[in-house]
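Have a look at the structure below, then the notes.
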Amino acid sequence: MEKHKNQEEKKTEDHPLDESKEVKTEQSEQTENDGAGLGLQEEMEAAEGLKADSELVEKDEIIENLTEELQQAKDAVLRNVAEYENLKKRLQKEKTRIYLDSKKSAIESFLPIRDDLVRSLEASEHIDLDEGFLSGIQMVAGKFENVLSGYGVEPIDEVMVPFDVDVHDALLRQPAEDESVEPNTVLKIVEPGYKIDNQVIKHAKVIVSQ
């Protein structure tokens, strides 16, 4: 009986050791689980970081593409504006040219009338004419001059000026009566020329000194 008691006591003494071993095993497992949990959390955080970095890179690419497209759109707008301005200038230039050509064509048809009036007045100086008739011709000629002047028409009819191929057409060269006159000087206007807005529309036909 004492032997049996001793065995039970021995069993009782062994039991606390087993419990301690079991507690230690549970703590180890808990530690391993905690370590595994921390590792998984770190992996998740790393994955989230990579995802965030990827999203940032993607956003940067989108911003870069949008910026490039915006710049291209701005360049296209500037090109269109420049083309429009150039077109407007060309149209204005063409409009001005058409207007001037039309004005030139219309006025040229009236210039011979002016020439006839001038010749008539010059001829009247050498013949006897009724004063009233002569005054009427002078009045008509004066009104005609005013109309032409209003349209920017200027006659080219000066004498004793240097010959200029841009405004004169030499019909004849002859010695000047006055020896002091320089060569290539306009001595006489055979037929006057005309300018419109400083543009020659008809060269003056002249006699030039040798």
Complete set of residues in region 97-137 that are exposed (fewer than 10 other Cβ atoms within 10 Å of the Cβ) and either hydroxyl-bearing (Ser, Thr, Tyr) or in a loop (DSSP other than H, G, I, E, B) (or both)
Ser109, Glu125, His126, Ile127, Asp128, Asp130
Would you call Val153 under 30 Å from Val208 (Cα atoms), touching a strand residue (DSSP E or B) at 6+ places or on another chain (Cβ under 8 Å) and open to solvent by less than 40 Å² (accessible area, probe 1.4 Å)?
yes
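Give the number of residues within region 111-144 that are in contact (Cβ under 8 Å) with a residue 24 or more places away in the chain and not small (Gly, Ala, Ser).
Initially, region 111-144 is screened for residues in contact (Cβ under 8 Å) with a residue 24 or more places away in the chain, giving 111, 113-115, 117-118, 141, 144.
Remaining after also requiring not small (Gly, Ala, Ser): 111, 113-115, 117-118, 144.
Within region 111-144, residues that are in contact (Cβ under 8 Å) with a residue 24 or more places away in the chain and not small (Gly, Ala, Ser) number 7.
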Give region 160-210 a look and list any residue that's touching an Asp or Glu at 6+ places or on another chain (Cβ under 8 Å), aliphatic (A, V, I, L, M) and farther than 17 Å from Arg114 by Cβ, or say none.
Val186, Val206
With respect to the numbered conditions (1) under 26 Å from Ile201 (Cα atoms); (2) in a helix (DSSP H, G or I), which one is the sole condition not fulfilled by Asp164?
(2)
From (1) surrounded by 12 or more Cβ atoms within 10 Å (Cβ to Cβ); (2) at pLDDT 90 or above; (3) more than 25 Å from Lys202 (Cβ to Cβ), pick out the condition that doesn't hold for Leu87.
(1)
Here the residues within region 167-207 that are more than 42 Å from the chain's Cα centre (by Cα), hydroxyl-bearing (Ser, Thr, Tyr) and surrounded by 16 or more Cβ atoms within 10 Å (Cβ to Cβ) are Thr185
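The values are calculated or read from the model by the stated rules, or taken from the named source; none is laboratory data. Quantities reported herein were computed from a predicted structural model and do not represent experimental measurements. As a convention, Cβ positions derive from the backbone with ideal geometry for all residues, glycine included, and neighbour counts pool all protein chains shown. Protein only, heavy atoms only, side chains kept; ligands, DNA and RNA dropped before computing areas. Shrake-Rupley method; radii C 1.70, N 1.55, O 1.52, S 1.80 Å.
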